[in-house]
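Worksheet: the structure to be examined is printed underneath.
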Amino acid sequence: MTESAISVHGLWKVFGPKAERIVKSPDADLPRGELEAKTGCVVAMRDINLEVAPGEVFVVMGLSGSGKSTLVRCLTRLIEPTAGSVTISGVDVTGADREQLLQLRRNTVSMVFQHFGLLPHRTLIDNVAFGLEVQKVDKAARRAKAEEILELVGLGGLGQRKPDQLSGGMQQRVGLGRALATDPEILLFDEPFSALDPLIRRDMQDEVIRLRSEVNKTMVFITHDLSEALRLGDRIAIMRDGKFVQVGTPEEVVGSPADDYVRNFVRDVPRSHVIAVGSVMSAPSDGDDAGTVNSTTKVRDVVPLVAHSDLPVRVVNDAGATVGSIDRVAVLSVIAGEDLHPEGSQGR
C-alpha cells in the first residue's frame, strides 16, 4: 500500500482560553454562540481525519467560517492545532521542532494564498527565485530555474518586469511559479483565485490542471466555489461547522449527496457534467455502435454520439478493452436526474 502524502488523525483547533478542555467534551457540540458565552472558546475545526495520496488533488470546500482555511494552515502549523496529528511525507508535523518545521516549509511544502504577497521592488525572476534564495542556492542556478518556471507558467520573457506591471491573473501566475520553483512534493492552495475575475479565474484553473499533468504534485486546494472544486478535485471534502460532512469523488458528491446540506450545495450542478459513463454503462453490446468513449468520459460528452444514432456507444478502459456500453436512454436518464444505476447497469 502506498504511503499517504498527507495523513491527518483526530485534528482539532479550538480558539480561546484552556482550549484543550473543549476537545471531545460535551461542550464541543454546543452552538457556537452558546459555547463562546459559556467557555470563551470557539471550535474552528473538530476531529478531522484525512488521507491524501501522492499525486492526488484533494479539494476542501465550504462556506466562510466552515474551518477550511484553518485546516490548511494547521497542516504546516502556521496555526497550531489544539489536538490530533499531522504527518506529511513521513514527517510527524505535530511533533516537529522549529528546525524540522522550517525544513518542511522550505523543501517539502509550498503554499499559494489568495493574496499574492509578491515583493514589489523585485523583478519577476527574483520573486520566483525567492525560495531558492532562502535555500542559499547560488544566483546563477536560481535565476536559471526561475526562467524555466516562468516559461512553465506562461510568463516566459517577462522576467525583468515588476509585479505592478502585471494584471491580477499574471501576478497569481508568479505566485504559483514561486511555489513551484523549490520543487516541493506538496502544494497547498488557500482560495488562490477568489479575488480574480471569472474568466481569469477559469484560466488559472486550467493552469492548475495543466501543471498537475506536467509536474504531478500532490495538491490540497481550498475553495468556497463548487464549480472550481468539481473541476479540480480528484476527491472533495464538503466542510461545515469545522467538520467534514462528506468526502468523495465529484461524481459521488453530486450523484449521492450525504445529507440535505450537501444536496442543497449540488442541486444546481448538471449531473451530466460530472457523472462518468462508467457509472451508468450497461453490459457490452454485440453488433454495431455509434462510437467509442473511455469509461471516464462525462455523460454530456456522449450526447453528440447518441443524438444522431439509435446505436449504443462502446465504452473502453484505459487499456482499450471494451468494458460496457451506453445508450440514449441512459444518457437521458442522467440528464433528467433519474436513477444513476438503471437495471442492467454494472457500474464502474
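The values are calculated or read from the model by the stated rules, or taken from the named source; none is laboratory data. Owing to the predicted nature of the structure, the values given are computational and were not obtained by experimental measurement. Methodologically, a virtual Cβ is constructed for each residue, glycine included, from the backbone with ideal geometry; neighbour enumeration extends over all protein chains shown. These accessible areas exclude ligands, DNA and RNA; they are computed on the full protein's heavy atoms, side chains included. Shrake-Rupley method; radii C 1.70, N 1.55, O 1.52, S 1.80 Å.
When you restrict to C-alpha pairs under 8 Å that are six or more residues apart and normalise by the size of region 207-348, the relative contact order lands at 19 percent.
How many percent of Cα pairs in the chain exceed 25 Å? List each step's numbers first, then the result.
On the way: 36471 of 60378 pairs.
When all Cα pairs of the chain are counted, 60 percent exceed 25 Å.
So, taking all protein chains as they sit and a 1.4 Å probe, how much accessible area belongs to Glu3, in Å² rounded to tens? The accessible area comes out at roughly 120 Å².
Rounded, prolate or oblate, given the Cα gyration tensor of region 55-120, with a/c below 1.5 counting as rounded? Let's see the in-between values first.
Working: a/c = 1.60, a/b = 1.16, b/c = 1.38.
Oblate shape, in that a/c is at least 1.5 and b/c is the bigger or equal ratio.
Restricting the calculation to alpha carbons of region 39-186 gives Rg and Dmax of 17.3, 57 angstrom.
For region 118-191, the fraction of 1.4 Å probe accessible surface lying on carbon and sulfur atoms is 48 percent.
What region 206-285 shows is 41 Å² of accessible area per residue, with the surface traced by a 1.4 Å probe over protein heavy atoms. For Gln246, the residues whose amide H sits under 5 Å from its own are Ile238, ignoring neighbours fewer than 5 places away on the same chain, with H placed 1.01 Å from N.
Within 10 Å, count the other beta carbons around each residue, average over each peptide in 71-77, 13-19, and list them highest first.
On the way: 71-77: 21.7, 13-19: 17.3.
Those peptides, ordered most packed to least, come out 71-77, 13-19.
For region 268-273, 3J(HN,Hα) computed residue by residue from phi via the Karplus equation (6.51, -1.76, 1.60; θ = phi - 60°) reads 9, 7, x, 4, 5, 7 Hz, glycine and proline entered as x.
The residues neighbouring Pro312, those whose beta-carbon lies less than 11 Å from its own, together hold a net charge of -3 under the Lys/Arg +1, Asp/Glu -1 convention.
Take the cross-link list Lys13/Lys243; Lys162/Lys217; Lys18/Lys38; Lys68/Lys243; Lys18/Lys68 and give me the ones stretching past 19 Å between alpha-carbons. Pairs exceeding 19 Å: Lys162/Lys217; Lys18/Lys68. Just how far, in whole angstrom, is region 150-168 from region 13-66 if you go by their alpha carbon centroids? So the two Cα centres are separated by 39 Å. Global size of region 158-234: 12.5, 37 Å for Rg and Dmax (C-alpha atoms, Rg to one decimal, Dmax whole).
State, as an integer percentage, the relative contact order of the chain based on alpha-carbon contacts under 8 Å between residues 6 or more apart. Reported as a whole number, the value is 16 percent.
Send over a whole-number figure in Å² for the accessible area per residue of region 21-136, probe 1.4 Å.
On the way: 5340 Å² over 116 residues.
On a per-residue basis, region 21-136 sits at 46 Å².
Note on region 210-318: Rg/Rh from C-alpha atoms, Kirkwood Rh, equals 1.04. Protein heavy-atom surface of region 223-308, 1.4 angstrom probe: 44% of the accessible area is carbon and sulfur, with nucleic acids and ligands not counted.
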